[in-house]
Structure formats: C-alpha cells, structure tokens
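Below: one structure, written as structure tokens.
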Amino acid sequence: MSNDRYLTFALGKGRLANKTMDLLEQIGISCEEMKDKDSRKLIFVNEDLKLKFFLSKGPDVPTYVEYGAADIGVVGRDTVLEENRNVYEVLDLGFGKCRMCVCGPASAADLLLHHERIKVASKYPRIAREYFYEKKHQTVDIIKLNGSVELGPIVNLTDVIVDIVETGSTLRENGLTVLEEVCPLSARMIVNPVSMQMEGERIRDIVSKLKNII
Ligand code: PRP
C-alpha cells in the first residue's frame with residue numbers, strides 16, 4: 001500500500017504556515033510537534049497519518065516541490081508565478097488575499113500610457129517582465145530589489161514598482177498609489193507531478209476535503 005510512504009508538505013514559514021495548519025486541522029490533519037513555539041526543529045512528523053511537514057522560506061517551497069523533496073507545498077501565488085517551477089497548482093486556499101500591482105506616484109500614470117522606456121523596481125522581476133513585455137508590449141528596465149520596494153520611486157531609483165498591495169497603507173504612507181493591477185493573489189497548494197501519479201488518491205482526498213471547507 002502506498003500509505004506506508006510519508007506524504008511530505010513544504011510550508012512557507014510564518015502566517016501562511018499557521019493558517020495552513022489551521023485549515024488542515026479542520027479536516028483532521030494535525031501535527032502536535034509543530035505547536036511548540038520554542039522548538040527550533042525544521043521538520044515535524046505525524047506518525048499515525050504518515051505525514052511530514054517542514055517550514056522553509058516561501059520562494060524555496062516550489063523548489064522543494066519540483067524536485068520531489070516535498071509532495072505538496074503551500075505558498076503565495078506571487079511565489080508560484082515568480083519561481084515558475086514544474087509543479088501542479090491544485091487549489092486556491094482562499095487566504096492571504098492581496099493584489100500584485102504597478103504602483104508609483106500619481107504623476108507616473110502617464111508613463112504607462114505611451115510605451116515609454118521606464119524603470120521598474122520589483123522583488124518579482126519575472127512577473128514584472130511578463131506584465132510589461134507580454135501584456136503591455138512596453139519595453140522597460142527592471143531592477144530587482146529584495147524588499148521595501150516602495151523606496152524605488154521615492155529615492156528616484158525607478159519610475160514605478162511592481163509589488164504586493166494588501167491594505168494599501170504602505171503606499172499611502174509613502175505618497176504612492178496603485179496605477180494598474182497585474183493580478184489577484186492568494187495562498188495556493190502546489191503538487192509535484194510525480195507525487196500526483198504515485199500518491200494521487202491521498203492527495204486528491206486531502207484536496208477534496210479542503211475544497212469542502214473553503
Ligand atoms: C509587503 C509588500 C508591501 C506591503 C503591502 O511587504 O511588499 O510593501 O507588504 O502591504 P500593505 O498594502 O498592507 O501595506 P512586506 O511587509 O512583506 O515586506 P518587504 O517590503 O520587506 O517585502
């Protein structure tokens with residue numbers, strides 16, 4: 001029986017992992033070991049259900065899943081799109097809702113209308129490139145930043161940014177605004193294609209139970 005094999009989950013560290021575990025608990029999947037907040041352990045096991053869970057940096061989740069080190073991953077759609085790994089996206093978990101947007105000072109709106117060669121800062125260069133080149137057919141220079149991307153237009157590094165907007169308060173407090181929406185985002189469950197073949201029954205069972213409660 002395939003049930004002798006552990007099914008392994010890779011979860012993006014932090015709020016995403018906590019929310020995922022809450023959701024899994026509602027369908028009878030829990031991991032007591034993981035609830036110890038002081039623990040420095042990286043991998044947790046539920047021996048009864050033959051499940052393993054590990055926490056990693058969000059952008060590494062699709063990597064673990066593509067190579068089969070994890071069968072299942074949970075991570076934001078922003079990361080799924082940016083990493084562009086060979087994985088199946090099987091479920092929108094419905095939490096972590098936000099938007100990927102082109103943002104900047106209101107005065108930059110014009111620069112998006114006339115195919116001008118502008119500078120764009122982003123933590124998501126692939127998403128930014130695809131949006132400007134494939135969708136808008138606008139040639140731009142993309143500058144990769146690792147965080148606090150809103151600084152780009154403020155310190156005149158770039159004209160605009162492509163970044164996540166949740167409540168909009170970071171933009172407001174820095175005199176920036178949403179200029180265009182790139183796509184909606186939320187937490188996604190991804191699966192290794194070989195695991196989908198080998199462990200299809202167990203994985204489909206988890207996905208359908210989750211669908212019922214989302
Ligand atoms: C994210 C994102 C925005 C902010 C949006 O940054 O990059 O800066 O949150 O949220 P808001 O619309 O609710 O203000 P994060 O806090 O993850 O830090 P980072 O800037 O280091 O990426």
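Over region 98-183, accessible surface divided per residue gives 53 Å², non-protein components excluded, 1.4 Å probe. With every protein chain in place and a 1.4 angstrom probe, the accessible-area ranking of K119, K13, K52, largest first, reads K13, K119, K52.
Note: relative contact order over region 98-183, using C-alpha pairs below 8 Å and six or more positions apart, is 48 percent.
Taking the Cα centre of the chain as origin and assigning +1 to Lys and Arg Cβ atoms and -1 to Asp and Glu Cβ atoms, the resulting dipole is close to 80 debye.
Working from label points 7 Å from Cα in the Cα-to-Cβ sense, the D22 to R129 distance is 3.7 nm. The distance between label points at E180 and E89 comes to 1.9 nm (points 7 Å beyond Cα on the Cα→Cβ vector). Mean separation of Cα pairs under 8 Å and 6 or more residues apart, divided by the residue count, gives the chain a relative contact order of 27 percent. Taking Cβ atoms as reference points and 12 Å as the exclusive limit, the residues near P193 contribute a net charge of -3, counting Lys and Arg as +1 and Asp and Glu as -1. Taking the helices alone, the chain has a mean residue ellipticity at 222 nm of -7000 deg cm²/dmol, built from -39,500 (n - 2.57) per DSSP H run of at least 4 residues and averaged over all its residues.
Once the Cβ-Cβ distance of H137 and K50 is raised to the sixth power relative to R0 = 35 Å, the FRET efficiency obtained is 0.10.
Each pair of Cα atoms in region 98-183 enters the Kirkwood radius, and Stokes-Einstein at 10 °C and 1.306 mPa s then converts it into a translational diffusion coefficient of 128 µm²/s.
How much net charge surrounds D159 when only other residues with a Cβ under 15 Å from its Cβ are counted (Lys, Arg +1; Asp, Glu -1)? Summing Lys/Arg as +1 and Asp/Glu as -1 gives -3. Computed from Cα positions, the angle between helix 15-26 and the longest principal axis of the chain comes to roughly 40 degrees. By DSSP, the beta bridges lying fully in the chain are antiparallel in about 60 percent of cases. Net charge in the neighbourhood of S208 (other residues with Cβ under 12 Å of its Cβ; Lys, Arg +1, Asp, Glu -1) is +2.
Computed with every protein chain present, the accessible area of E33 is close to 70 Å² [probe 1.4 Å]. Of L179, A121, G200, which is farthest along the charge dipole of region 64-214 in the positive direction, counting Lys and Arg as +1 and Asp and Glu as -1 at C-beta? Comparing the listed Cα positions along the dipole, G200 ranks first.
Carbon-plus-sulfur accessible fraction, region 98-183 (probe radius 1.4 Å, protein heavy atoms only): 46%. In this label model, E32 and S107 are separated by 6.3 nm, measuring between points 7 Å along each Cα→Cβ vector.
The values are calculated or read from the model by the stated rules, or taken from the named source; none is laboratory data. It should be emphasised that the depicted structure is a prediction, and the values quoted were computed from it without experimental measurement. Glycine also receives a Cβ, built like all others from the backbone with ideal geometry; neighbour counts cover every protein chain displayed. Just so you know, the surface numbers come from the protein's heavy atoms only, side chains and all, with ligands and any DNA or RNA stripped out. Shrake-Rupley method; radii C 1.70, N 1.55, O 1.52, S 1.80 Å.
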